[in-house]
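> Below: one structure in structure tokens.
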Amino acid sequence: MSNIREEYKCAKKSKFMQAVFIGAFAGAAISLFDKDTRYSVLENSKGCMSNMKEFMKNPNGVLTQVRETSSKVRSTVEKISDDVSFISQKVEEMKDIPSQVAQVVMETKEVFAAEDEEPSSSHHERISLN
């Protein structure tokens with residue numbers, strides 16, 4: 001019984017994939033009724049064939065380009081990773097700043113409050129000295 005069920009599932013999957021491919025080909029064929037689409041497909045196909053011919057003639061050159069590009073991508077990713085690390089470090093440092101600023105503001109307020117009390121007494125002393 002389980003073998004029949006498995007065969008049915010495989011056949012069902014096969015029919016599904018077959019229907020998907022038929023739908024894709026039908027959609028592609030219908031899209032080619034448009035002149036601009038046909039032209040675009042033709043140009044892209046020519047470019048693809050040219051690239052394939054170049055690869056067949058000089059596979060080492062293409063592989064070298066791929067290596068260089070992957071090296072550039074790797075270095076760029078490393079730079080971005082370093083930048084993100086630096087930024088996250090600075091953000092962590094900035095989390096402490098509000099409490100430090102609040103403390104400085106409180107200390108400044110206390111100093112000004114103390115100065116406001118002192119000038120009145122020193123002001124009287126200045127007046128009496130004159």
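> Pairs under 8 Å by beta carbon, first residue aliphatic (A, V, I, L, M) in segment 12-34, partner surrounded by 10 or more Cβ atoms within 10 Å (Cβ to Cβ), six or more apart or different chains?
What qualifies is Leu32/Arg38; Leu32/Val41.
> While we're looking at this one, here's another question. I'm trying to understand the selection: among the residues of segment 30-81, which are modelled with pLDDT of 90 or more, in a helix (DSSP H, G or I) and exposed (fewer than 10 other Cβ atoms within 10 Å of the Cβ)?
Lys35, Asp36
The values are calculated or read from the model by the stated rules, or taken from the named source; none is laboratory data. It should be emphasised that the depicted structure is a prediction, and the values quoted were computed from it without experimental measurement. Note that each Cβ is placed from the backbone with ideal geometry, even for glycine, and that neighbours are counted across all protein chains shown.
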